[in-house]
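Only one structure is covered here, and it is reproduced in the block below.
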Amino acid sequence: MKLHVLVDELETARIAVEGGATVVQWRLKDVPRVDVVERGRATRSLCARHGVPFIVNDDVEAALMLGADGVHLGRDDVGAETAKDHGLMLGLSATTLGEARSADRRADYIGAGPVWETPSKPDADPSIGLDGLRELCVAVSTPVVAIGGIDASNAADCIRAGAVGVAVMRAARDAAALRRAVDASL
């Protein structure tokens, strides 16, 4: 779980996997499920060939249709019980201490953030900073993956704050540098 990359196309996934990504999350916003599945097949296959877990963002049904390893759900998404019933790895998002505690032990990992402001998600909650990340990590027993405004220059800070890994979107093509930063901080 060291380095999650959120991708919406195959080439970025390929670069990230070759650079050391440990999880690929397929994230297509505002796209019909049929397109999520159709466009996701090649990326699913890439991940399977490289032994990298493939996670689908927001949609349990699409995850099941793709034979994904897991699904990541935001606080407004449904299907956590269905995901667990089907043996999918479950990631849940948390911005507040209360959300993290609610996700604790229900999820396989908690996506905590945004740690810093990020242009990738204009409607994101206010950033929690390293202090907020540290507080969430200490409060739960479930592994925490930091997200939001993370790149090779600050990924190690997230690990030192208690996260087991980082998740990136804009920096996905820089996976090799991110992986080095994360590995060096462990």
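The values are calculated or read from the model by the stated rules, or taken from the named source; none is laboratory data. Nothing here was measured: the structure is a model prediction, and the numbers come from that model. No Cβ is skipped: glycine too gets one built from the backbone with ideal geometry, and neighbour counts run over all protein chains shown. Side chains are part of the model used for accessible areas, which takes the heavy atoms of the whole protein and leaves out ligands, DNA and RNA. Shrake-Rupley method; radii C 1.70, N 1.55, O 1.52, S 1.80 Å.
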Mind listing just one residue for me: the one in region 118-131 that is assigned to a helix (DSSP H, G or I) and open to solvent by less than 100 Å² (accessible area, probe 1.4 Å) and, of those, farthest from GLY165 (Cα to Cα)?
GLY129
Assess whether ARG134 counts as being open to solvent by 60 Å² or more (accessible area, probe 1.4 Å) and outside any helix (DSSP H, G or I).
no
Filter region 166-176 down to residues that are within 12 Å of GLY113 (Cβ to Cβ) and open to solvent by less than 40 Å² (accessible area, probe 1.4 Å), then give me how many there are.
3
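Return the total of residues in region 159-180 being farther than 16 Å from GLY20 by Cβ and assigned to a helix (DSSP H, G or I). Reasoning before the result, please.
The initial filter retains those residues of region 159-180 that are farther than 16 Å from GLY20 by Cβ, namely 160-163, 169-170.
Applying the additional criterion that residues be assigned to a helix (DSSP H, G or I) yields 160.
Counting residues in region 159-180 that are farther than 16 Å from GLY20 by Cβ and assigned to a helix (DSSP H, G or I) gives 1.
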Take ASP151 and tell me if it is assigned to a loop (DSSP other than H, G, I, E, B) and modelled with pLDDT of 95 or more.
yes
For region 20-104, list the strands (runs of 3 or more DSSP E) that sit wholly inside it and hold at least 1 residues that are surrounded by 21 or more Cβ atoms within 10 Å (Cβ to Cβ), in contact (Cβ under 8 Å) with a residue 24 or more places away in the chain and of a type in the set (A, V, I, L, M); which are they?
23-26, 54-57, 89-94
Might you let me know whether region 1-17 holds any residue that is at pLDDT below 95, within 15 Å of the chain's Cα centre (by Cα) and of a type outside the set (D, E, K, R)?
yes
Answer yes or no as to whether GLY113 is among the small types (Gly, Ala, Ser) and surrounded by fewer than 19 Cβ atoms within 10 Å (Cβ to Cβ).
no
